[in-house]
Amino acid sequence: MSALIVERNVPLQPLNSFGIAARAAALVRVRGEADARALLADAQLRAQPKIVLGGGSNIVLTGDVKALVLKVEVPGLRVAGETARAVIVEAGGGESWHGLVAWTLAQGLPGLENMALIPGTVGAAPVQNIGAYGVELQDRFHELDAIDLQTGEVFTLDAAQCGFGYRDSVFKHTAAQLGDFGLAGRALILRVRLALPKAWKPVLGYLELERKARETGIAAPGARQIYDWVVAIRRAKLPDPAVLGNAGSFFKNPTVSAEQCADIIGRDPTVVHYPMPDGSVKLAAGWLIDACGWKGKSMGHAGVYEKQALVLVNRGGREHPATGGEVMTLAKAIQTSVYERFGIRLEPEPTVI
């Protein structure tokens with residue numbers, strides 16, 4: 001039996017990348033199945049509402065957290081096997097996502113380089129179906145192991161069972177929302193296995209990557225080159241959470257019909273848009289927010305980053321941090337502006353607690 005330590009009245013400011021000051025009434029660190037089972041064997045802990053916390057890079061805390069916080073710290077990186085087309089790598093849910101990307105490249109296993117420098121943990125990656133620069137987690141996903149926080153049973157899900165969508169999965173929906181299979185608040189992801197293609201090809205469909213290829217004269221970059229480009233691009237336009245608190249991209253890029261896009265282009269020819277395979281068009285949310293004049297603006301201690309309007313930041317630092325209320329007030333004002341000008345409703349990416 002694992003010796004569980006329940007920490008009380010825990011400051012969450014160091015555990016969320018926005019740097020919002022809040023406290024957890026109780027927190028348990030889960031380093032593996034034994035910890036999760038010990039938690040569920042304790043009748044008092046088992047009965048409590050629970051929140052699973054990974055790297056804290058995709059949450060906005062609007063107050064102190066009364067639910068039991070489960071901090072996922074499951075370690076481990078290994079090559080787990082192979083199929084005819086792919087090498088399977090496995091990572092513990094508590095590993096850093098960027099650390100995993102760097103590790104796979106060091107093993108000579110390309111495929112994750114477009115998703116370099118995405119903050120957060122491996123266990124949180126399937127919840128959000130993270131993605132960047134033309135590659136999403138679902139494109140490389142094999143399967144995951146999770147533990148049911150009601151029954152203590154460990155189960156395995158493949159990609160279809162995870163119900164991946166754009167920044168979406170079964171882990172973001174309750175059973176009431178999604179038939180019998182919504183897993184929000186019910187599953188804790190222990191390990192994730194990814195399938196890295198043996199026949200690797202570069203994914204270069206994004207404007208910034210095409211620009212890097214032109215600037216450098218490298219028309220056929222290798223995985224390490226793409227990794228370096230992505231890291232450079234992200235560092236140039238996204239603030240380091242250790243310096244300026246943030247949750248990365250705050251809004252999802254909206255998808256519209258070709259007709260809606262043509263209408264917007266008619267009014268704003270410079271709108272940044274990406275045609276999708278199904279005929280719809282993805283618009284750059286950052287461009288829409290910038291077009292409404294929000295870049296660099298603040299409300300209280302919450303602000304819009306000067307270099308990238310898609311990122312909301314904590315301007316108060318660790319001493320006078322923005323509150324979750326200030327962040328959400330700013331977010332709602334931005335949503336209203338974009339809707340009034342373009343008729344488009346922006347959806348936040350982070351989970352609001």
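Observations, loosely collected:
- Scanning segment 209-228 for residues that are under 23 Å from the mean Cα position of the chain (by Cα) and either more than 19 Å from Asp139 (Cβ to Cβ) or open to solvent by 90 Å² or more (accessible area, probe 1.4 Å) (or both) yields a total of 2.
Residues are listed down the side, and each one gets a yes or a no for (1) farther than 21 Å from Arg186 by Cβ; (2) at pLDDT 95 or above; (3) of a type outside the set (D, E, K, R); (4) within 17 Å of the chain's Cα centre (by Cα):
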{"site": "Leu53", "(1), (2), (3), (4)": "no, no, yes, yes"}
{"site": "Gly56", "(1), (2), (3), (4)": "no, no, yes, yes"}
{"site": "Pro126", "(1), (2), (3), (4)": "no, yes, yes, yes"}
{"site": "Arg140", "(1), (2), (3), (4)": "yes, yes, no, yes"}
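- If you go through segment 95-112 and keep only what is part of a helix (DSSP H, G or I), touching a strand residue (DSSP E or B) at 6+ places or on another chain (Cβ under 8 Å) and open to solvent by less than 10 Å² (accessible area, probe 1.4 Å), you end up with Trp97, Leu100, Thr104.
- Filtered residue count, segment 153-174, keeping only those that are more than 15 Å from Ile189 (Cα to Cα) and open to solvent by less than 20 Å² (accessible area, probe 1.4 Å): 0
- Filtered by the rule that a residue be open to solvent by 30 Å² or more (accessible area, probe 1.4 Å) and either assigned to a helix (DSSP H, G or I) or farther than 18 Å from Pro11 by Cβ (or both), segment 302-330 gives Glu306, Lys307, Gln308, Arg315, Gly325, Glu326, Thr329.
- Residue within segment 249-270 that is open to solvent by less than 10 Å² (accessible area, probe 1.4 Å) and within 30 Å of Pro14 (Cα to Cα) present: yes
- Scan of segment 30-40 for residues that are within 30 Å of Gly245 (Cα to Cα) and open to solvent by 10 Å² or more (accessible area, probe 1.4 Å), ordered by number: Arg31, Gly32
- Unmet requirement for Thr121, which otherwise passes all of (1) among the polar types (S, T, N, Q); (2) within 18 Å of the chain's Cα centre (by Cα); (3) open to solvent by 20 Å² or more (accessible area, probe 1.4 Å): (3)
- Scan segment 255-295 for residues that are closer than 20 Å to Ile334 by Cβ and either among the β-branched types (Val, Ile, Thr) or in a helix (DSSP H, G or I) (or both) and the total you get is 15.
- Scope segment 56-86; condition over 24 Å from Phe18 (Cβ atoms) and outside any strand (DSSP E or B); matching residues: Pro75, Gly76, Thr83, Ala84, Arg85
- Neighbours by Cβ (under 7 Å, 6+ apart or cross-chain): first from segment 66-86, closer than 16 Å to Ser96 by Cα; second crowded, with 21+ Cβ neighbours inside 10 Å and among the hydroxyl-bearing types (Ser, Thr, Tyr): Val72/Thr121
- For segment 308-327, filtered to residues that are touching a residue at least 12 places away in the same chain (Cβ under 8 Å) and among the charged types (D, E, K, R), the residue that is nearest to Glu347 (Cα to Cα) is Glu326.
- When segment 1-29 is limited to residues that are within 20 Å of the chain's Cα centre (by Cα) and on the phi < 0 side of the Ramachandran plot, the one that is most open to solvent (accessible area, probe 1.4 Å) turns out to be Pro14.
- Boolean, Ala232 is in a helix (DSSP H, G or I) and either open to solvent by less than 30 Å² (accessible area, probe 1.4 Å) or closer than 27 Å to Ala116 by Cβ (or both): yes
- Search result, residues across segment 60-94 that are over 24 Å from Asp35 (Cα atoms) and surrounded by 14 or more Cβ atoms within 10 Å (Cβ to Cβ): Val60, Leu61, Thr62, Ala86, Val87, Ile88
- For Arg193, the conditions (1) open to solvent by 50 Å² or more (accessible area, probe 1.4 Å); (2) part of a strand (DSSP E or B); (3) among the charged types (D, E, K, R) all hold with the exception of (1).
- Condition check for Ala242: touching a helix residue (DSSP H, G or I) at 6+ places or on another chain (Cβ under 7 Å), over 21 Å from Glu347 (Cα atoms), in a loop (DSSP other than H, G, I, E, B) and open to solvent by 60 Å² or more (accessible area, probe 1.4 Å): no
- Some residue of segment 277-284 being surrounded by fewer than 14 Cβ atoms within 10 Å (Cβ to Cβ) and either of a type in the set (Phe, Trp, Tyr) or within 30 Å of Ala146 (Cα to Cα) (or both): no
The values are calculated or read from the model by the stated rules, or taken from the named source; none is laboratory data. Just so it is clear, the model here is predicted, and its values are computed rather than measured. Cβ atoms come from the backbone with ideal geometry, glycine included; neighbour counts cover every protein chain shown. SASA here: full protein model, heavy atoms, side chains in, ligands and nucleic acids out. Shrake-Rupley method; radii C 1.70, N 1.55, O 1.52, S 1.80 Å.
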